Amino acid sequence: MHLRTYISDCRELVWEILESVTDKDREFAMLFHEKYGENGVLDFLSEHVDSVAAFLAATPAKRDKLKVWNSEPEVKSILLYASFVSLQIAARMLDEANKMPPGLSKRNAAASAVESFLNIRKSIDFLSFDKKKFSF
C-alpha cells in the first residue's frame, strides 16, 4: 500500500474522532492542555501509547468495549484528545516521509529527517479539538 493511502486513512480517522467528541471531552482536554501544555500532552501520549493504539485500531463499535475507555470521563476525554494529537503527528510523519527524495546521502537524509521532524512538531494543532475549527 502506498504512503498516500495511509496518510489519507490517518486524516479520515482524525475526522472520525472529531465527530465523536462531546463538549465535555473538549472541556476536559482543554483544561488538561492548559495545565500541562503541549509537552504534557505528548508525555501523556507516550505513557498511554498502548491504550491510544488499541483505540485507533478498533472499529467505532469495538472502541466502547475497551476497558480503559470505560473509565473516568476525564481519562476517556484525555485519551481521545491524545488520539487526535497522535493521528495528526502520524499523518504528517507519513507525509514528510513521502516527500523525502530517494538517493540522498546519509548526511542529507539525516538533515532532511531533522527538518521533517521540526516541521511536524510546529504543525501540530493542539488547540483545534473541534471539527468546526480544525483544518487538515
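The values are calculated or read from the model by the stated rules, or taken from the named source; none is laboratory data. All figures in this text were calculated on a predicted structure; none of them were measured in a lab. Every residue, glycine as well, gets a Cβ built from its backbone with ideal geometry; the counts of neighbours run over all protein chains shown.
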Query raised in the report: Quick one: how many residues across region 54-97 are touching a residue at least 60 places away in the same chain (Cβ under 8 Å) and touching a Phe, Trp or Tyr at 6+ places or on another chain (Cβ under 9 Å)?
Result: 7
Query - Flag for ASP43 being in contact (Cβ under 8 Å) with a residue 12 or more places away in the chain and in a helix (DSSP H, G or I) - result: no
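Among the residues of region 69-78, are any among the charged types (D, E, K, R), assigned to a helix (DSSP H, G or I) and farther than 19 Å from GLU16 by Cα?
At the first step, the residues of region 69-78 found to be among the charged types (D, E, K, R) are 72, 74, 76.
The next check asks that each one be assigned to a helix (DSSP H, G or I); those that pass are 74, 76.
Narrowing further to those that are farther than 19 Å from GLU16 by Cα: 74.
Yes, because at least one residue in region 69-78 is among the charged types (D, E, K, R), assigned to a helix (DSSP H, G or I) and farther than 19 Å from GLU16 by Cα.
Residue check: is ASP50 surrounded by 11 or more Cβ atoms within 10 Å (Cβ to Cβ) and at pLDDT 90 or above? If you could, list the steps in order and put the result at the bottom.
On the way: surrounded by 11 or more Cβ atoms within 10 Å (Cβ to Cβ): no; at pLDDT 90 or above: yes.
Taking the combined requirement at face value, the residue does not satisfy it.
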Requested in this report: Scan region 94-106 for residues that are exposed (fewer than 11 other Cβ atoms within 10 Å of the Cβ) and not in a helix (DSSP H, G or I) and report the count.
Outcome: 4
Report task. For region 50-73, state whether one or more residues are farther than 23 Å from HIS2 by Cα and of a type in the set (Val, Ile, Thr). Result -> yes
Query raised in the report: Within the bounds of region 107-120, is there any residue that is polar (S, T, N, Q), modelled with pLDDT of 90 or more and loosely packed, with under 13 Cβ neighbours inside 10 Å?
Result: yes
**Report entry** Top-ranked residue of region 23-40 - restricted to ones that are free of Cβ contacts under 8 Å to residues at least 12 places away in the same chain and in contact with an Asp or Glu (Cβ under 9 Å, 6 or more places away or on another chain), ranked as nearest to ILE89 (Cα to Cα)
**Finding:** TYR36
Query - Positions within region 12-38 being in contact with a Leu (Cβ under 8 Å, 6 or more places away or on another chain) and not aliphatic (A, V, I, L, M), in sequence order - result: SER20, ASP25, HIS33
Query raised in the report: Do we have LEU56 as aliphatic (A, V, I, L, M), within 13 Å of the chain's Cα centre (by Cα) and surrounded by 18 or more Cβ atoms within 10 Å (Cβ to Cβ) here?
Result: no
Report task. Would you be able to say whether some residue in region 101-117 is under 19 Å from the mean Cα position of the chain (by Cα) and either touching a residue at least 12 places away in the same chain (Cβ under 8 Å) or closer than 23 Å to TYR6 by Cα (or both)? Result -> yes
Report summary line: Matching residues in region 67-100 (more than 17 Å from the chain's Cα centre (by Cα) and of a type in the set (Asp, Glu)) number 2
